[in-house]
Every structure is written in C-alpha cells, then in structure tokens.
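So the structure is just underneath, and the comments pick up after that.
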Amino acid sequence: MLRNIQEWTMVLAIIGLITLVGNWIGYDVMPLQAIPGMLLLIGISVAGLILDKLLPFNIPAIAYISLIAITLSIPGVPGSEYVVKWTSEVNLLAITTPILAYAGIAIGRSWADFAKLGWRSLVVGSLVLLGTYLGSAVIAEIILRVQGII
Amino acid sequence: MNLWKDWRLHAIVLGIVIVTEFIGTHQISIGGGVVLLLPMLYAIAIGLGLYFTPVVKEKQSKNAETLIFLAVSLLIAKFGVTIGPSISTILEVGPALILQELGHLATLLIALPVAVFLGLKRESVGMTHSIGREPNVALIMDKFGLNSPEGRGVMSIYIFGTIFGAVFLGLISGILATALPIHPLSFAMASGVGSGSMMAAASGSLVSAFPHLETDIIALAGASNLISAATGLYVSIFIALPLTEKMYAFFIKIREKKNKVEG
C-alpha cells in the first residue's frame, strides 16, 4: 500500500511538472502561480486512489476522485474558494497534451493490429464514434431547448 | 512498478509537450466549420511516430500504457473541481445530462445498417452495440466468447478507437460544433463518451473553440463522463445489446430480400 502511494505520488508529480511547463508555454501561466492548484489536483487524485484500494465497493477510482473534487469545490464548503481559484490556474488543455503524448507512445503497440483492420472496420468505426457523439449532442440539445435553457 | 523511474519516457513526453505547445493552436476554415489543430493532437501523432523510432523502446510504450490511467486521474480531478462551483447549473440541466446517455444508441441507427449492407454479419453486433471500450469488450467476450464473430467485431472497434478515437473526436467536435446549429453545451454533454482520452480531446476542442464558455463546457463534460462511467455498462447490457440484436435481425432480412430480388 505504502509503495503504491509512493508510486502514484511520484508519477503524478512528474506528470504535474510536465503539465506546468506546458501551462507556462501554451497558456502563459507562470509555474509558481499554478503550483498550489497542481498540488491540490495531485492530492485529490492520490486520495481517490487510496479510497479505491481501501473501500470494498465495486466503484472505479475515478468516481472517488470526482466525488472528492466536487465536494471540495462546492460553494459554502470551507476553503472551496481557494480550491477553485488555485486549480483555475491549471488549464484543461495543458493537462490533456501530456496525457495524449503518453497515449500516442502507448498506442504504437496496437499499430500492427490496426494495420490489419479492413476498410469496412474503418468505415463502421468512424460511424460508431460519430453516431455516439452526435446522437448524445442532439438529445441534449432537444431537452435543453424544451427546458428553455438555451 | 516503478513507473516514475522511466526517465526516458518522461523526458520524451516533456520534449513533446514543449514542442507542441510552442507550435500552438491553429485553425483551418472548411465550409461553415473550423478544424482546430491543437497541441494535444500533434502530441498523439508525434508520440505514435516516435514509437517507430529507436527513441521509444518497447518498455516505454508498455509503461506509458499503464501510466495513462494515473494521468487521466489528474484530468478527472480538474473536471471535479470545475463541477463543484457549477453544481446548480448541473442540477438544472440534469435531465439533459442523463437522457443524452441514450444518444449513444444513435450508433445503432447510423453504423449498424451500414455495417450490414457492407456485408458484415454477426461481427456488426459486436462492432456497433456501443463505442467499444474496455467495459463493452468485457461484456461481449463474456456473452459470446473471445473467438466469436461478435468478439472479433468489438475488438476491431476497440483497436480503431484506441488508435484513432482521440484524434477523430478532437477534429470532428471542433468542426461539428462550429458548423451545426447545435449549442456547444450540448456537445460538451456528449463529450463523456466513456473513454478518458476521447473525452479529453472532444472537450478540449470545444474549450478552444468557445473559450468564453470554458467553465460550463468543462463542468458539463466532466458530469456527463461521470454519468457515462456509472451507467454506460448497464445501458449496454439492458438496452443497447438487446436492441442491436433486434435491429440486426431486421436489417439482415432486408439485405436477404434485396439479394434474392437481385439474384
């Protein structure tokens, strides 16, 4: 368990550092300014991962991470204004770039399988992604309009 | 274990981040829409390209795969702290957030008939019943077995999504949201498709296209992803898969009739 916690913390610290560099270059936020927010995000992630190991429920770790993060940032919860203010210095797109860089390196191993897929799989695969995304957006749009929200 | 000690991997990623963030975001207008070229999309392409050079060894690629789960948890935390302050908005749009999950069934309306008319048989059930990520692969394997046509079908979509999913959704979400008369917030709710990297790419493009809506987009995308994670598998088991079977039988009948007339 302790080894796990050490591993998670170290990995997240490294990804956090890389994110801060991207956050600086791409979004002009000085690393010093974004450090408190990044430390918070790392702390929330590690806490969620620990809960996932300790609690017996069959719930994915990301649910615990989400619940902790949401609870800490709800208005009225002590300190929530700092949570929101600090983490807003860490841009979403600065986090997504390193994730997709790791993903790019990882997916190379699936390339041989990908190259074997026939053209029909490519057509159907594109339509599956398009259908899922567009279908959800259309339903959301209809309901938001019926409710008069947009 | 000891993923953090793979300095070679982290140095490569740091290099990719520095290069791609310096290149920055570029836009290409096509018709009524805008294609957004974002650093994260170059990052996935450069990462994949480097896999085929001596820079990345098998070990780095394996470690990267295990590590993505941890990297995504940072993203989930960022989504979470954006949901908190918007909690009243989230509750207000709750019905749309929950019902858009059923929009995933649209893949049956669009992809299944095409699959059947391209000549695919039982494979098409595995291919089109869902977006084909890990829980869906597990479901199909459990029900039909690894070497069944359905199993081969879901694996082909899994592989397609792994390689192409994030780039595909990143590109089309920018184009669709700028070209179609559908509100960016509706697309934000659609971004939680049940895959971390696809959600990152889809919502990232939206934020980049509509910076003034950034907080709402992140909060709604995060909330929809949470709902997808909690309910997605059950929607697949109880609604999507039975419906796929029914529609498959229907489309196969039409195809056979058509073949008879022609033959």
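Every number in this text was worked out from the coordinates using simple rules, so none of it is lab data. Note that this is a predicted model, so its numbers are computed, not measured. Glycine gets a Cβ as well: all are built from the backbone with ideal geometry, and neighbour counts include every protein chain shown.
Brief remarks follow.
- Rg and Dmax over the alpha-carbon atoms of the stretch A:2-111 stand at 15.2, 49 Å.
- Amide H contacts of B:Val34 (H built 1.01 Å from N, in plane; Pro and chain starts excluded): B:Thr178, B:Ala179 sit under 5 Å, all sequence-distant by 5 or more or on other chains.
- The stretch between B:Lys260 and B:Thr66 holds 64.8 nm of extra length on full extension. This uses 0.36 nm per residue minus the Cα-Cα distance.
- Centroid-to-centroid separation of the stretch A:15-47 and the stretch A:54-133 [C-alpha atoms, Å]: 17
- Taking chain A as a Gaussian network of alpha-carbon nodes connected by springs under 10 Å, the highest mean-square fluctuation of the residues A:Ala34, A:Ala69, A:Ala103 belongs to A:Ala103.
- In summary, the convex hull built on the alpha carbon positions of chain B has an orientation-averaged projected area of 17.3 nm².
- Among A:Asp113, A:Asp28, A:Asp52, residue whose mean-square fluctuation peaks in a GNM of chain A (springs only between Cα atoms under 10 Å): A:Asp113
- When the alpha carbon gyration tensor of the stretch B:39-188 is reduced to an equivalent ellipsoid, its three semi-axes come out at 28, 26, 17 angstrom, largest first.
- Mean Kyte hydropathy of -1.0 or more with a Cα span along the axis of at least 27 Å, helices from DSSP in chain A: A:2-27, A:31-54, A:119-147
- Given R0 = 30 Å, the distance between the Cβ atoms of B:Leu102 and A:Ala47 translates into a calculated FRET efficiency of 0.35.
- Which of B:Ile252, B:Ala202, B:Ala177, positive extreme of dipole for the stretch B:3-262 (C-beta unit charges): B:Ile252
- With respect to chain B, whose longest principal axis is taken over its alpha-carbon atoms, helix B:196-209 is tilted by about 70°.
- Residues A:Ile14, B:Ile157 in ascending order of nearby Cβ atoms (within 10 Å, fewest first): A:Ile14, B:Ile157.
- Taking other Cβ atoms within 10 Å as a rough exposure proxy, B:His212, B:His104, B:His183, B:His10 sort from fewest to most as B:His212, B:His183, B:His10, B:His104.
- What the Cβ-Cβ distance of A:Val123 and B:Lys143 gives, at R0 = 30 Å and to the nearest 0.05, is a FRET efficiency of 0.75.
- Count Lys and Arg as plus one, Asp and Glu as minus one, and take only other residues whose Cβ is under 15 Å from that of A:Asn23; the net charge is then -3.
- Charge dipole (Cα centre; +1 on Lys/Arg Cβ, -1 on Asp/Glu Cβ; no other charges) of chain B amounts to roughly 760 debye.
- Among B:Thr66, B:Thr107, B:Thr25, the largest mean-square fluctuation in a Gaussian network model of chain B, built with springs joining Cα atoms closer than 10 Å, belongs to B:Thr66.
- Mean-position separation - Cα centroids, the stretch B:43-115 and the stretch B:187-223, in angstrom: 10
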